[in-house]
Amino acid sequence: MKILITGANGQLGSELKDLGRSYPQSNFIFTDRTEFPLDAVAGTFTRLDDIRPDIIINAAAYTAVDVAEEERELADKVNHLSVAQMAHWCESNQAKLLHVSTDYVFDGESDTPLPEDAPKSPINVYGQTKHLGEEAIIRSGADAIIIRTAWVYSAYGKNFVKTMLRLMDEREEIAVVNDQIGSPTYAKDLAKAILTIIHSGKWTNGIYHYSNEGRISWYDFAIGIREITGFSCKVNGISTEAYPMPAKRPKYSLLDKKKIKDTFGFHIPTWRKSLEECLNKL
Ligand SMILES: NC(=O)c1ccc[n+]([C@@H]2O[C@H](COP(=O)([O-])OP(=O)(O)OC[C@H]3O[C@@H](n4cnc5c(N)ncnc54)[C@H](OP(=O)(O)O)[C@@H]3O)[C@@H](O)[C@H]2O)c1
């Protein structure tokens, strides 16, 4: 089985690279932004014709959520137009597509865990482009799985956990938003889930939600990081209004994971257990 992975140097892509070594029966082709540039939309078909994958795992994305407010066109190329081309190629070539999307396709106003068919209403430009990517995949008729995830972190790349470690080391006191609720996703757990789906023989197309188990705020997450690492830095809870950002953030991001657990028989680790694993690695 030939598996093409885009965004190989991102958080998810890097974890897939590590875990891919446990599947010697598969031929993984890892590509970065020079080998497979998603902003060069018109070249997508040619690149895929050259590689001819059986499955594409699209781990690449334009993820600069705040900059996207000013760079809509580029974000749209990477998160929507290129994804539409991939889906079209998969449909025409009997290949499968596993695409990763986001809780930002919702408006964040729910107060109960979000099922896959909850009404979409993207909260910001990044969310709009990811939403259009999802819609293009569905319209293409490709044999595709879309996994929506949230609050992704890893030992690789830039993320909340690594920022907290730096700030807790540098400062005596920090402020963290305490009124946005969700559950983090350790990219290694998501990578494991993706590779299990692909190799399980249980491939069932559709949309799925995945994050670690639990329900916390960013403040709770920071406290967890402080407790596990033993930093003495004081963590103060603040409201979203006290920490303005260019792109709007959802108040509530908790994803309902029943469908992915029932379909593939997954046991999903709690956010705390996975955070401990990541911090041990760091
Ligand atoms: N991070 C989160 O909190 C979060 C939350 C919800 C959903 N997601 C979704 O989860 C997936 C994985 O995210 P992640 O956290 O692993 O993201 P990430 O660490 O930002 O990685 C994204 C990757 O995409 C690559 N990329 C960006 N622009 C590209 C382009 N024009 N052409 C080719 N590659 C390009 C980046 O390349 P470089 O390494 O060269 O920059 C990077 O390797 C994405 O679909 C994202 O939308 C993420």
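The values are calculated or read from the model by the stated rules, or taken from the named source; none is laboratory data. Because the structure is a prediction, the values reported are computed rather than measured. Here the Cβ is made from the backbone with ideal geometry for all residues, glycine too, and neighbour counts use every protein chain on show.
Looking only at the stretch 10-28, count how many residues are part of a loop (DSSP other than H, G, I, E, B) and closer than 11 Å to A61 by Cα. Don't jump to the end; show me each part of the working.
As a first pass, look at the stretch 10-28 and keep what is part of a loop (DSSP other than H, G, I, E, B): 10, 21-26.
Remaining after also requiring closer than 11 Å to A61 by Cα: 10.
Adding up the residues that qualify gives 1.
Taking R33 and the conditions (1) over 24 Å from Q85 (Cβ atoms); (2) among the basic types (K, R); (3) near the ligand (Cβ under 10 Å from one of its atoms), which numbered condition does it fall short on, given that it satisfies the others?
Exception for R33: condition (1).
Considering (1) under 30 Å from Y252 (Cβ atoms); (2) assigned to a helix (DSSP H, G or I); (3) within 14 Å of the ligand (Cβ to nearest atom), say which one S101 fails and leave the rest.
(2)
Name the single residue, out of those in the stretch 170-195 being polar (S, T, N, Q) and touching a Lys or Arg at 6+ places or on another chain (Cβ under 9 Å), that is surrounded by the fewest Cβ atoms within 10 Å (Cβ to Cβ).
First, the residues of the stretch 170-195 that are polar (S, T, N, Q): 178, 180, 183, 185.
Subset that is touching a Lys or Arg at 6+ places or on another chain (Cβ under 9 Å): 180, 183.
Working: Q180: 20, S183: 23.
Looking at residues that are polar (S, T, N, Q) and touching a Lys or Arg at 6+ places or on another chain (Cβ under 9 Å), I get Q180.
So is E73 more than 8 Å from the ligand (Cβ to nearest atom), surrounded by fewer than 17 Cβ atoms within 10 Å (Cβ to Cβ) and farther than 22 Å from I198 by Cβ or not? Steps first, please.
Working: more than 8 Å from the ligand (Cβ to nearest atom): yes; surrounded by fewer than 17 Cβ atoms within 10 Å (Cβ to Cβ): yes; farther than 22 Å from I198 by Cβ: yes.
The answer is yes for E73.
Tally time: how many residues in the stretch 11-30 are within 16 Å of the ligand (Cβ to nearest atom) and surrounded by fewer than 23 Cβ atoms within 10 Å (Cβ to Cβ)? Reasoning before the result, please.
Residues of the stretch 11-30 within 16 Å of the ligand (Cβ to nearest atom): 11-20, 28-30.
Cutting the leftovers down to surrounded by fewer than 23 Cβ atoms within 10 Å (Cβ to Cβ) gives us 14, 17-20, 28-30.
Selection size over the stretch 11-30: 8.
Take V78 and tell me if it is within 9 Å of the ligand (Cβ to nearest atom), buried (at least 22 other Cβ atoms within 10 Å of the Cβ) and either more than 15 Å from the chain's Cα centre (by Cα) or farther than 12 Å from D39 by Cβ (or both). Don't jump to the end; show me each part of the working.
Values: within 9 Å of the ligand (Cβ to nearest atom): yes; buried (at least 22 other Cβ atoms within 10 Å of the Cβ): yes; either more than 15 Å from the chain's Cα centre (by Cα) or farther than 12 Å from D39 by Cβ (or both): no.
No; evaluated as a whole, the condition is false for this residue.
Evaluate the stretch 197-213: report whether one residue or more is among the β-branched types (V, I, T), more than 28 Å from D111 (Cα to Cα), away from the ligand (no atom under 13 Å from the Cβ) and not in a loop (DSSP other than H, G, I, E, B). Walk me through it before giving the result.
Filtering the stretch 197-213 for residues among the β-branched types (V, I, T) gives 197-198, 204, 207.
Subsequent filtering for residues that are more than 28 Å from D111 (Cα to Cα) retains 197-198, 204.
The next check asks that each one be away from the ligand (no atom under 13 Å from the Cβ); those that pass are 197-198, 204.
Filter once more, keeping what is not in a loop (DSSP other than H, G, I, E, B): 197-198.
Within the stretch 197-213, one or more residues are among the β-branched types (V, I, T), more than 28 Å from D111 (Cα to Cα), away from the ligand (no atom under 13 Å from the Cβ) and not in a loop (DSSP other than H, G, I, E, B).
Given (1) assigned to a helix (DSSP H, G or I); (2) of a type in the set (D, E, K, R); (3) touching a strand residue (DSSP E or B) at 6+ places or on another chain (Cβ under 7 Å), where does D111 come up short, assuming only one miss?
Among (1) assigned to a helix (DSSP H, G or I); (2) of a type in the set (D, E, K, R); (3) touching a strand residue (DSSP E or B) at 6+ places or on another chain (Cβ under 7 Å), D111 violates only (1).
Tell me whether the stretch 107-117 contains one or more residues that are more than 18 Å from the chain's Cα centre (by Cα), among the β-branched types (V, I, T) and either at pLDDT 95 or above or within 12 Å of the ligand (Cβ to nearest atom) (or both).
Within the stretch 107-117 (the criterion being more than 18 Å from the chain's Cα centre (by Cα), among the β-branched types (V, I, T) and either at pLDDT 95 or above or within 12 Å of the ligand (Cβ to nearest atom) (or both)), the answer is yes, since at least one residue qualifies.
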